[in-house]
Every structure is written in structure tokens, then in C-alpha cells.
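The values are calculated or read from the model by the stated rules, or taken from the named source; none is laboratory data. Fair warning: this is a prediction, and the values are worked out from it, not measured in the lab. With ideal geometry, Cβ positions are generated from the backbone for all residues, glycine too; neighbour counts draw on all protein chains shown. Accessible surface areas use protein heavy atoms only, side chains included; no ligands, DNA or RNA. Shrake-Rupley method; radii C 1.70, N 1.55, O 1.52, S 1.80 Å.
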Amino acid sequence: MRSESAIPATKAGVAKTTVASAQDDAQSEAPLVRPGSITAAVVLTATVAAAMIGYSIFLIIGGLVGQPVLRGRAETVGVIFLLFGLGIAWVCRGLAKLQPWSRTPAMLTHLLLVGSAYRIMQDSQYLEAVLVGLYGIAGLVLLFVPASHKVLSRDVR
């Protein structure tokens, strides 16, 4: 009789572990919620992308209607700025979709802003340098706060 009572208990235990594993699978497949820090980082990074794309359009148009000597340089630099701006916009899309690969290029974008702030400070434009530096640091902080780190880390998933 003991063997008969042991069999249903074992089947019940298997059923419980199957239900528990199904619940774990459902929790691991649940979509991640985007924290506010990621949304703010997307906005800061998208602003940089928009500025670069806008400046590239300004350079390209200026090269087409400007002096013939500067035309080739302005258009070339405008195309380079356009490519970088579109690349940063693609990184913003990755951040918005919580793709882990997008944190590194976004971090590099904001590090370049901090470096640019140092260069601006060398030109004795202190207010502009402080604003650009704080903007870059704010983007870096938003990318590494615990909520952002949790959803953008590859090892956590």
C-alpha cells in the first residue's frame, strides 16, 4: 500500500514542478518595462542626433549655395555629420527597445560630449563648456543608474 500512495504523491510533485517551471518561463518571457531613466537617456541622446542631423543639413545646403571654394568641404563634412547623426538615431532606437548593445554607443556619445566640453573650455567659453559637460555627464549617469543597468545588462537577462 505504501507504494501505491507514493506514486500519486510523486505524480503530484511532478505536476507542481511543471506548473512552477511554466510560471518561471512566463515570467522570463514577459516584456521588460522601460524605466524612466532609459526614457530620459533616449531623449538626451536623440537631442544629440537631431542636432547633428540639423547641422549636417545646414552644411550641405550651405555648400550648395555658398562659395565654390568651400563647396566641396562643406558638403563632405555635412555628409559625415549626417551619417553620424543617423547612427546616433539608430542607437536611440536600440535604447528605446531596451537592446543591450545600444548602451555602449550611447555611452561613447555622451563621453564625446564631455571631451568636447573640455575643448570648449580651452576657448574660454566657460558657460557653454559647463552646460555641454553637464549634459554629457547626465547622459552617462542615466545609462548607469541601477534601473537602467538592470534592463540593459546582458548577464542579468
Taking interchain pairs and intrachain pairs at least six residues apart, which have beta carbon atoms under 6 angstrom, with the first residue in region 85-99 and touching a residue at least 60 places away in the same chain (Cβ under 8 Å) and the second part of a helix (DSSP H, G or I)?
-> 96/42; 98/151
Residue among 149, 110 that is of a type outside the set (Ser, Thr, Tyr) and closer than 19 Å to residue 50 by Cα | 110
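Please note which helices (runs of 4 or more DSSP H) are completely contained in region 101-157 and include at least 2 residues that are more than 19 Å from residue 39 (Cβ to Cβ) and free of Cβ contacts under 8 Å to residues at least 24 places away in the same chain.
103-122, 126-144
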Only one of (1) surrounded by 14 or more Cβ atoms within 10 Å (Cβ to Cβ); (2) aliphatic (A, V, I, L, M); (3) at pLDDT 95 or above does not apply to residue 51, and that is (1)
Report whether or not residue 95 is at pLDDT 90 or above, open to solvent by 70 Å² or more (accessible area, probe 1.4 Å) and either in a helix (DSSP H, G or I) or of a type in the set (Ser, Thr, Tyr) (or both).
-> no
Answer yes or no as to whether residue 89 is within 30 Å of residue 63 (Cβ to Cβ), in a helix (DSSP H, G or I) and open to solvent by 30 Å² or more (accessible area, probe 1.4 Å).
-> yes
In contact (Cβ under 8 Å) with a residue 40 or more places away in the chain and open to solvent by less than 40 Å² (accessible area, probe 1.4 Å) - does that describe any residue in region 56-78?
-> no
